[in-house]
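First the structure, in the form of structure tokens, and then the observations on it.
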Amino acid sequence: MRVVILPSELKASNFAANIIGKFISEKEKAVLGLATGSSTILTYKALIKKYEQREISFKTVTTFNLDEYMGLHPDHPQSYRHYMNNNLFNHIDINNKNTFIPECFDDDYVTSCENYESMLKRHGGIDIQVLGIGTNGHIGFNEPTSSLNSRTRVKTLTQNTIENNSRFFKDKETQPTLAITMGIGTIMDAKQILLLGLGKHKSQAVAEIIEGPVSSFFPGSILQLHKNVIVVVDKHAASDLKLYDYYIHTEKMHQAYTCK
Ligand code: GLP
């Protein structure tokens, strides 16, 4: 696991955007796995800037989002489709037909989930999966005790997640308690994983995924078993890491070695 600690949220987000941007410019048909939430907003802004400055194009890029609330129409301001349109898709040259979100518009959730998995396979899998981390360790909406081999399916949200995300919903607005999410097994199939942890409120979660035991009770800890993970954090989100100085040193070594 490569741990990159940067002085600010902006620097961490720019770092993440540089990795994604470089990949897109080098690979003809890149497949990106995307996340929603506050952690990814600055990264998407940086990607939009790269597009505007003609550094990158998304014309041949395909995206698969991690998750979506059950029962929210794409036009609902809190739907993840709405988030993606607002924060990225509407500002770049991506073909909307190449943007996939695990939505379900009838009652056949099982088929929708299976179709999502098939679609992923048909596109050759995800090249880079972007992730945030929930304070309870969830990745996507894989809540604590999710099967570490799980595939795309419907999950019941924990009270902790519902409360954390309630800030996005208006008073008295119905907040979904179920979501469709890529499974942990689905996420682990990505060729590379790029996790963003920003802010002091993520410091314990970041320490758990990097230094804690691998456990379904803290789903993000499974990333320790992936061969190609970069965790990008700002110094506040890194503040509970026991080996903080070691990660700073190893990244310096990494930069020195790869820049030769
Ligand atoms: C949400 C999403 C995740 C996201 C995480 C962190 O509930 N389902 O995909 O990464 O929780 O969100 P935030 O970045 O807002 O802290």
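What the table below lists for this structure:
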{"read-out": "Karplus-derived HN-Hα couplings along segment 22-33 (A = 6.51, B = -1.76, C = 1.60, θ = phi - 60°), whole Hz, x at Gly and Pro", "value": "4, 4, 4, 6, 9, 9, 5, 10, 6, 10, 9, x"}
{"read-out": "Label-point separation, Y246 to N160 (7 Å along Cα→Cβ), nm", "value": "2.5"}
{"read-out": "Rounded, prolate or oblate (a/c below 1.5 giving rounded, otherwise prolate when a/b exceeds b/c) for segment 98-232 by Cα gyration tensor", "value": "oblate"}
{"read-out": "Global geometry of segment 1-81, whether rounded, prolate or oblate, following the gyration tensor of its Cα atoms and the 1.5 cut on a/c", "value": "oblate"}
{"read-out": "Computed label-point distance, nm, for sites N18 and H226 using a 7 Å Cα→Cβ extension", "value": "2.1"}
{"read-out": "Low-density loop positions, GluC sites (Glu not before Pro), segment 17-124 - DSSP coil, at most 10 other Cβ in 10 Å", "value": "E28"}
{"read-out": "Contour excess over end-to-end distance, with Cα ends at F169 and E28 and 0.36 nm allotted per residue", "value": "46.9 nm"}
{"read-out": "Ranking of S38, S221 by count of other Cβ atoms within 10 Å, fewest first", "value": "S38, S221"}
{"read-out": "Of Q255, C104, G185, farthest towards positive along the dipole that unit charges on Lys, Arg, Asp, Glu beta carbons give the chain", "value": "Q255"}
{"read-out": "Debye intensity ratio I(q)/I(0), log10, the chain, q values 0.07, 0.08, 0.13, 0.16 Å⁻¹ (C-alpha model)", "value": "-0.22, -0.29, -0.81, -1.28"}
{"read-out": "Sites N149 and Q255 - FRET efficiency at Förster radius 45 Å, r taken between beta-carbons, to 0.05", "value": "0.80"}
{"read-out": "Relative exposure of V4, V233, judged by other C-beta atoms within 10 Å (fewest first)", "value": "V4, V233"}
{"read-out": "CD proxy at 222 nm, helix term only [per DSSP H run n ≥ 4: -39500 (n - 2.57); per residue of the chain; nearest 500]", "value": "-10000 deg cm²/dmol"}
{"read-out": "FRET efficiency, H73 to E211 (Cβ-Cβ, R0 41 Å, nearest 0.05)", "value": "0.50"}
{"read-out": "DSSP-defined beta bridges in the chain - what % are antiparallel, rounded to 5", "value": "30"}
{"read-out": "Sorted by Cβ density within 10 Å, fewest first, the residues Y247, Y44, Y109", "value": "Y109, Y247, Y44"}
{"read-out": "Part-to-part distance (alpha-carbon centres) for segment 63-84 and segment 169-228, which is given in Å", "value": "18"}
{"read-out": "Hits among lysines - C-alpha to C-alpha of K49 under 26 Å, sequence gap 8 or more where chains match", "value": "K11, K22, K27, K29, K59, K97, K191, K235"}
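Any read-out appearing in this document is the output of simple, stated calculations on the displayed coordinates, not a laboratory observation. Owing to the predicted nature of the structure, the values given are computational and were not obtained by experimental measurement. Counting neighbours? That spans all protein chains shown, and the Cβs are built from the backbone with ideal geometry, glycine included.
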